[in-house]
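Right, one structure below, let's go through it.
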Amino acid sequence: MNSFPPRTATLLYELDKKLMVLLRDGRTLIGYLRSVDQYANLLLQQTVERIHVGKKFGDIPRGVFLVRGENVVLLGEIDALKEADQMFERVSIGDILALQKQEQDAKIEKAKSIERSLKRRGMRFPPDLVQDDFL
Amino acid sequence: MVTKMPEGEAEPVSLVTIKEPVDLIRLSVDERIYVKMRHDRELRGRLHAFDQHLNMVLGEAEETITTIEVDEETFEEVYKTTKRTIPMLFVRGDGVILVSPPSTTS
Amino acid sequence: MVPTYCKFVIFNKIVRLTSKMLFYSFFKTLVGHEIIVELKNDICVTGRLHSVDQFLNIKLIEVCVSDPEKYPYMNYISESFIRGSVVRYVQLPVNSVDSQLLQDAARKEITIR
């Protein structure tokens with residue numbers, strides 16, 4: 001297993017390390033990488049979903065995840081020095097979910113109001129404002 | 001731009017012909033080409049390399065992004081273009097919509 | 001004796017095979033250089049190229065992002081594996097790219113014919 005060619009990107013070094021994984025839908029997972037394959041399918045253990053809103057964050061325990069590779073944007077080993085909670089303020093799951101909902105509602109409301117006004121003028125909501133970059 | 005062969009003559013192997021779409025791009029190596037990308041992005045640059053996925057390396061690449069912004073008060077659509085130049089740029093092929101050779105690129 | 005047409009097809013296959021690896025080989029020559037990887041979700045990750053694989057997955061060390069406030073989770077990591085399929089552009093160090101060599105490699109099919 002240690003015979004893969006040098007200079008080749010591989011996730012084998014990341015095995016059993018604590019990783020931050022960014023998914024295509026923007027969610028971030030933190031967990032221990034237990035297994036990986038050629039598609040970058042990931043098996044994560046002790047996973048939490050971390051939600052950031054401004055300077056605050058909260059963790060939702062998720063357990064074991066198998067993430068299909070195509071949904072992975074990037075991942076990296078958590079730098080113990082960098083992870084320190086002092087950078088951000090940890091809040092409860094309930095609080096962070098409420099904050100996240102506020103943030104999302106504001107976005108949706110803004111988009112809806114623009115869409116309504118454009119519709120009245122017989123125009124279509126610009127599809128490019130919709131996040132479909134990964135499709 | 002397909003080179004026609006006289007009938008009955010064997011095709012000389014050394015001749016540059018367009019047999020498949022990417023052959024057109026092969027003829028544009030070291031020329032300035034135009035690339036239309038997904039999400040209203042356009043590129044103009046010197047083609048240094050490409051492969052069958054239309055991954056490319058462009059030199060002196062000028063990118064133009066067109067965005068529609070909606071004025072929050074008047075709700076008018078404003079088209080904005082932003083430009084930037086990147087000296088050496090690798091472009092992933094899955095975002096490419098079309099490639100246009102230099103003869104049609106201003 | 002192989003007919004000319006068959007020879008052509010065989011050549012074509014060989015060249016296809018090498019051109020498949022063109023950018024993989026190219027990125028390997030850039031290992032150790034600083035690059036900027038622009039993702040399809042608009043994140044710009046700057047870092048030193050550590051390694052690359054045949055899918056053009058990229059591993060960067062010493063990573064930083066252009067807008068850290070917007071991507072707080074990027075603060076946790078200093079190395080990153082980026083899946084090739086989410087890359088839009090890679091900005092390359094112009095002085096470390098041998099454009100003549102690249103062009104020759106891209107034209108190879110012509111010279112062989």
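Nearest 0.05, what FRET efficiency do B:E31 and C:F55 give at R0 = 35 Å with Cβ-Cβ as r? Could the numbers behind the result be given before it?
Details: r = 29 Å, r/R0 = 0.83.
Result of the calculation: an efficiency of 0.75.
How charged is the neighbourhood of A:L29? Take every other residue with its Cβ under 9 Å from the Cβ of A:L29, and add Lys/Arg as +1 and Asp/Glu as -1. Walk me through the numbers before you get to the answer.
Values: positive: A:R27, A:R50, A:R62; negative: A:E49.
So the environment of A:L29 carries a net charge of +2.
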Inset, instruction - Determine the shielding of peptide A:44-53 by partner chains: average, over its residues, the number of Cβ atoms on other chains within 10 angstrom of each Cβ. - result: 1
Legend entry - Protein accessible surface hidden between B and C, which excludes ligands and nucleic acids, total in Å², probe 1.4 Å: 2900
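For the interface of A with B, what's the total buried accessible surface in square angstrom, probe 1.4 angstrom, rounded to the nearest hundred? Display every interim value, and only then the final one.
Numbers: alone 10090 and 7760 Å², together 16860 Å².
For chain A against chain B, roughly 1000 Å² becomes buried.
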Legend entry - Accessible-area composition of segment A:1-90, carbon plus sulfur, in percent [1.4 Å probe]: 51
Legend entry - Other protein chain Cβ atoms within 10 Å, averaged over every residue that makes up A:95-106: 0
Inset, instruction - With label points built 7 Å along Cα→Cβ from the Cα atoms of A:K119 and C:S99, find their separation and express it in nm. - result: 5.1
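Looking only at other chains, what is the average number of their beta-carbon atoms within 10 angstrom of each beta-carbon in B:82-91?
Details: counts 0, 0, 0, 0, 7, 6, 11, 7, 15, 4.
That works out to 5 on average.
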Inset, instruction - For segment C:67-90 and segment A:6-80, compute the distance between their C-alpha centroids and round to whole Å. - result: 12
Inset, instruction - Enumerate the calculated ³J(HN,Hα) couplings along segment C:38-51 in order (Karplus 6.51 cos²θ - 1.76 cosθ + 1.60, θ = phi - 60°), each rounded to whole Hz, writing x wherever the residue is Gly or Pro. - result: 9, 8, 5, 9, 6, 5, 10, 9, 9, x, 8, 5, 8, 6
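Order these peptides, B:78-91, A:95-108, by their mean beta-carbon neighbour count within 10 angstrom, highest first.
On the way: B:78-91: 15.2, A:95-108: 13.0.
Ranking, from highest mean packing down: B:78-91, A:95-108.
What ranking do C:49-61, A:16-28, C:69-81, B:59-71 get when scored by the average of other Cβ atoms within 10 Å per residue, highest first?
On the way: C:49-61: 21.2, A:16-28: 17.5, C:69-81: 19.3, B:59-71: 15.7.
The densest-packed peptide leads the list: C:49-61, C:69-81, A:16-28, B:59-71.
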Legend entry - Residues whose placed amide H lies under 5 Å from that of A:R62, excluding near-sequence neighbours: A:T47, A:V48, A:E49
Legend entry - Which listed pairs, of A:K56/A:K101; B:K19/C:K108; A:K18/A:K56; A:K18/C:K28; B:K36/C:K28; A:K107/B:K83, have C-alpha distances above 18 Å, in listed order: A:K18/A:K56; A:K18/C:K28; B:K36/C:K28; A:K107/B:K83
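The values are calculated or read from the model by the stated rules, or taken from the named source; none is laboratory data. These numbers were taken from a predicted model, which means no experiment stands behind them. All Cβ positions, even for glycine, are placed from backbone atoms using ideal geometry, and neighbour counts span all protein chains on display. In case anyone asks, the SASA skips ligands and DNA or RNA and just uses the protein heavy atoms, side chains included. Shrake-Rupley method; radii C 1.70, N 1.55, O 1.52, S 1.80 Å.
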